[in-house]
Structures are given as structure tokens and as C-alpha cells.
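Working notes, beginning with the structure itself.
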């Protein structure tokens, strides 16, 4: 039985970013994934890095999102140093477009709300908005400019971070499903994955929408883990467009859809939010919904070619907030449920896990994301007496 300092379950952007941070601390890390690392929800993401809340329920996430966006340039730089430059990170801002009879009222409310949250935003005339992106619909009635928003190509990012992990000598095990998490009393001692027992001082569950079902949907042994990580899959259908005529330079979005430019000239359009279990099918209705929204944003998009369609399964939680924190089982940490914000929150999540593993510290502001909020008050009482690392 090989022993590691840390075993990470899940090789998407969250698990891989955590592995990157911990390996930089000279810890011996193994990363296990049930399929091919980085080819799940992370591969399917649009790559918008936007700290603004898209609903009232997302308000508690704003401070964490703002911190993570600030960390991104350094995060990207360190990955490039450890692998090779991918140069697909851009800070070109975003334009939010409003239409309908309440367009200016809706725009002004968003500007006021975001400014209250400390997010840089300003109203912009449609004339100036069209100077930035000439393809904006003539039916647009108001616009807001978010200058600090960024984008990253998630596929390029995943390729680079996995290359960095190999350079750091992180052991990556693909096609290696976890069948159990080992415990001795109140302490986690490792995992069984791919038919092999793996011993580890710390186990990090970062398996996205599969976190609640690591050992199978009907496995009795899994019941205790789903108390901490009650994730569910939320399907998002996506498509990519290409046009020799249209070139976007920044994100263009409305409350119905978005367009995200890629470095190679493609334009990613999305997306749907569907609670349909683990079904990754593409549907005519889903694609139509995306096309209707994006053609409304930029009518000339109707002439673009559809060059790719795909789906991803986002990891939702009961309150659609991330699940980040230690459990009352010593050595077991949950980092999942990032819903629509996995790419954005990767740097700050990895930082939180690193500080917990190295120093047993959790920021007070992260309490709202604790896995113990689902596990019952009795478990919270136990955890408050302390679980963490190096103790």
C-alpha cells in the first residue's frame, strides 16, 4: 500500500488546482479521477471570470469570487512557469446588454447593486458600447460596462495545469473510480480507488457533481459522505460558433445568454440550466434557447457556423453555494458544489485547502460554505472542537 500526504478525489479544475498548490508545498499528492482528468464540467465551461452575483442566492459568494479574481493573474503565471505559456487569459471586460421596456431601470439597478458590493461597473451609452462591440443588436436599449472582468479558455487551462502537475511529480490516476473512503474511528486514512488501497493523511473530495455518489448511487457505504457533499448534476448545453466576419473582443451578455470570444476566433455561446440527472444529451430545445438568446444579443450571429456542441454537468448543491471546508472526520475536507463558478473559484479554493492542510486554518468568512451546514447541528458541535490538519 503506497502512502501519500494527500489524496484528491476528482481531477477537474478544483481538484487539479488544489493538487497544484499542495505540490508546491512539497507534499506528496495523488490525484484520482473516475474518468480522464479535466474532461468533465471544467472542459465544458465558458470561462467567464465574473464576481458579480447572477441571483440573490449567490450574494454570499461575492467576497470569495472577488478574492479569486484578484488571485487569477498570479495563479496563471505560476501555472505557466511550471508548464508552458498558454496565453489564453484575457482581462478585456464585459458588456451587459438590456432590452425591453424596463431596460434602463434594470441597468441602473444592476449598477447600483454591484457598486454596493464593491464590483467595478458603470453605465455606458449604447453609442460607446457599439464602439467596443459593433455587433450589438439595434434592439438593445441600455448597457453596462464591467472593466475588470476576465476570461480564460478552460480547456487550455486544464491542459496546462495537468502538465504542471506532471512536472511537479503529482501522481495522476485516470480511469480510477473511488469505491470507498477509509476511516479509523473519527479519522480518515485514505481511499480505495481502482481496486487499490491508497493511504493518505488527508483526503480532499473534489469530485464535482459525483461527490455525493462516489461509491455508487445505491451504495449504503456512501450515505455518510452525502451528508457532507449533497451535490447534484445541473446540465448545461453549450455551442461554439465561427464567423469570418464577426470578431468579438470581450464578453457580451444579457440575462438570457452570453457570447464569449476565444483566442482562435471561435465564439462560445450558452447556456442552459437543467435538472435532468446525469443525462448529458443535447436537445433541440436547449440549442434553440441558446441561439435565440445570442441572436437577440448580436443578430449577425445568425450567419455564423455552428462548429461544436456539447454538454457539461455542473455540481449544484441544495443552496447552490460551494461546499468548502473540513468535516468532523479528521483529515477529510470537502471542496465541491461550485455550480457555475468552478473556473472562477479555483485559485481561492486551492488557497483555502492549502492553508487548512498546512496550518489547520480556515478563514472565518468561509463558514457559510462549510459542509457541516448540511450534516446537522450535532455534527457542527463536534467539528467546532477542531479537525484539521497537523494536529
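The values are calculated or read from the model by the stated rules, or taken from the named source; none is laboratory data. Note that the structure is predicted; figures quoted are calculated from it, not measured. All Cβ positions, even for glycine, are placed from backbone atoms using ideal geometry, and neighbour counts span all protein chains on display.
Taking the criterion of being touching a strand residue (DSSP E or B) at 6+ places or on another chain (Cβ under 9 Å) and surrounded by fewer than 24 Cβ atoms within 10 Å (Cβ to Cβ), the residues of the stretch 318-330 that qualify are 318, 320, 329, 330.
Being under 30 Å from residue 21 (Cα atoms), part of a loop (DSSP other than H, G, I, E, B) and within 29 Å of the chain's Cα centre (by Cα) holds for only one residue in 75, 86, and it is 86. Just one of (1) at pLDDT 95 or above; (2) within 24 Å of the chain's Cα centre (by Cα); (3) buried (at least 19 other Cβ atoms within 10 Å of the Cβ) fails for residue 143. It is (2).
Whenever a residue of the stretch 353-367 is free of Cβ contacts under 8 Å to residues at least 40 places away in the same chain, its partners that are assigned to a helix (DSSP H, G or I), lying with C-beta atoms within less than 6 angstrom and at least six residues away or across chains, give the pairs 361/355; 362/356.
Quick grid of which residues meet (1) in the same structural domain as residue 261 (by TED's automatic domain parsing); (2) touching a helix residue (DSSP H, G or I) at 6+ places or on another chain (Cβ under 9 Å); (3) within 23 Å of residue 316 (Cβ to Cβ); (4) in a loop (DSSP other than H, G, I, E, B):
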| position | (1), (2), (3), (4) |
| --- | --- |
| 8 | no, yes, yes, no |
| 11 | no, yes, yes, yes |
| 14 | no, yes, yes, no |
| 17 | no, yes, yes, no |
| 20 | no, yes, no, no |
| 23 | no, yes, no, no |
| 30 | no, yes, no, no |
| 34 | no, yes, yes, yes |
| 43 | no, yes, yes, no |
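Which residues, taken from the stretch 239-272, are free of Cβ contacts under 8 Å to residues at least 60 places away in the same chain, within 18 Å of residue 50 (Cα to Cα) and in contact with a strand residue (DSSP E or B) (Cβ under 6 Å, 6 or more places away or on another chain)? The answer is 259, 267, 269, 272. Mind checking whether some residue in the stretch 19-34 is buried (at least 24 other Cβ atoms within 10 Å of the Cβ), under 14 Å from residue 341 (Cβ atoms) and under 17 Å from the mean Cα position of the chain (by Cα)? Scanning the stretch 19-34 turns up no residue that is buried (at least 24 other Cβ atoms within 10 Å of the Cβ), under 14 Å from residue 341 (Cβ atoms) and under 17 Å from the mean Cα position of the chain (by Cα). Of all residue pairs spaced 6 or more apart or on separate chains, those with beta-carbon atoms under 8 Å, a first member in the stretch 100-120 that is at positive phi and a second member that is part of a loop (DSSP other than H, G, I, E, B) are 100/141.
Restricting the search to the stretch 87-110, which residues are surrounded by fewer than 20 Cβ atoms within 10 Å (Cβ to Cβ) and farther than 20 Å from residue 296 by Cα? Answer for the stretch 87-110, where residues must be surrounded by fewer than 20 Cβ atoms within 10 Å (Cβ to Cβ) and farther than 20 Å from residue 296 by Cα: 87, 88, 90, 91, 92, 93, 108, 109.
When residues in the stretch 45-64 are screened for being touching a strand residue (DSSP E or B) at 6+ places or on another chain (Cβ under 9 Å) and outside any loop (DSSP other than H, G, I, E, B), 3 of them pass.
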